[in-house]
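Undergrad: Once you've had a glance at the structure underneath, I'll fire off some questions.
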């Protein structure tokens, strides 16, 4: 598995940590796992009557980070999320949430953790058909024992946050799919979770509404700065949303890294298949492809921000004969870009790091 480097600015506090987590389905799972000494062969286990859901997953998620877990159907991505939230019991390993191993928690401790720390959104919206939007959002607060007035006030704040103002008295049947999903998100956020689990939340939506929901999700994350574990099978969605992406195959995390590094340096042939058709100019930021600053080099008058997507400035860079200065938020030069290097990154040099 490749580098697990945490994006800059997200190193302050580890919120979730998985150590050698396994989930194996079958009557003899524990016995087979012990005999294997942790070296699990999915096909051999299947022949023995067991299915490997998660195979030796180890990683950390830091405060405010959005980690996307992706893979094809059956790769283990949803199983891993369910293990971390303990909706599914892991077969072996350790799962720490804010320093506590949740696999050692009793039922009461687990209920408290979920009520006070975790929010969950699934593909199935799970709205109560006999309750209106406001009542659906307020419901988990009332389960926690919060009074009707306070829970309704909080629910109304969430209605406005997700852009459903004016529809608070609608029933689920009166809402579109995208609007129903917004209610599900608002209900999850109403309890003010520190950690947010989302399992294929937009996959049932049509492409246009899905794009709108991704935009809304990014807006919410910019405002709320939650620690998020987001599961999807859509690589484009992963690239658009993630701080880091973990790509799974047959229960194994093949690579966990930033979107740029996954596109530029796929760790395995399997990961490479996901990246080969990605339009790099739409994904990569200037910072990912800039070159070190050479103080003896003459620079053009053009300056570009290290945080800009290449597509937005490629034409300007390609029209420059001299190197272009790359600047940070303080307008300090932190690197350079040559037109030839941009061309090479976008249209050639698709090297593959298989180490």
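FYI, it's all coordinate maths here, none of it is from the lab. Since this is a predicted model, take the numbers as computed values, not measurements. Every residue, glycine as well, gets a Cβ built from its backbone with ideal geometry; the counts of neighbours run over all protein chains shown.
Undergrad: Which whole-angstrom value gives the distance between the alpha carbon centres of the stretch 91-154 and the stretch 323-344?
TA: 46 Å
Undergrad: For the ranges 251-264, 292-305, what's the packing order if you count other beta-carbon atoms within 10 Å of each residue, average per peptide, and put the highest first?
TA: Put in order of decreasing packing, that is 251-264, 292-305.
Undergrad: Write down the percent of antiparallel bridges among all DSSP beta bridges whose residues are both part of the chain, to the nearest 5.
TA: Of those bridges, close to 55 percent are antiparallel.
Undergrad: Which part of the stretch 90-126 falls in the paramagnetic zone of residue 234, meaning amide N under 19 Å from the point 7 Å along Cα-to-beta-carbon?
TA: Answer for the stretch 90-126: 121-126.
Undergrad: How much FRET efficiency would the formula 1/(1 + (r/R0)^6) give for residue 295 and residue 315, where r is the Cβ-Cβ distance and R0 is 25 Å, rounded to 0.05?
TA: Efficiency, from the Cβ-Cβ distance: 0.35.
Undergrad: Another question about this same structure. Could you please state, rounded to a whole Å, how far the C-alpha centre of the stretch 29-56 is from the C-alpha centre of the stretch 229-257?
TA: 23 Å
Undergrad: Computed FRET efficiency, Cβ-Cβ of residue 281 and residue 160, R0 35 Å: what is it to the nearest 0.05?
TA: 0.45
Undergrad: Along Cα→Cβ, 7 Å out, is where each label goes; now give me the distance between the ones at residue 19 and residue 122 in nm to one decimal.
TA: 3.0 nm
Undergrad: How large is the helix-only mean residue ellipticity at 222 nm for the chain, computed as the sum of -39500 (n - 2.57) over DSSP H runs with n ≥ 4, divided by its residue count, in deg cm²/dmol to the nearest 500?
TA: -11000 deg cm²/dmol
Undergrad: Now, a different point. Let me know the shape class of the chain, please: from the alpha-carbon gyration tensor, a ≥ b ≥ c as square roots of the eigenvalues, rounded when a/c is under 1.5, otherwise prolate if a/b is greater than b/c, or oblate.
TA: Taking the square roots of the gyration eigenvalues as a ≥ b ≥ c, the chain is oblate.
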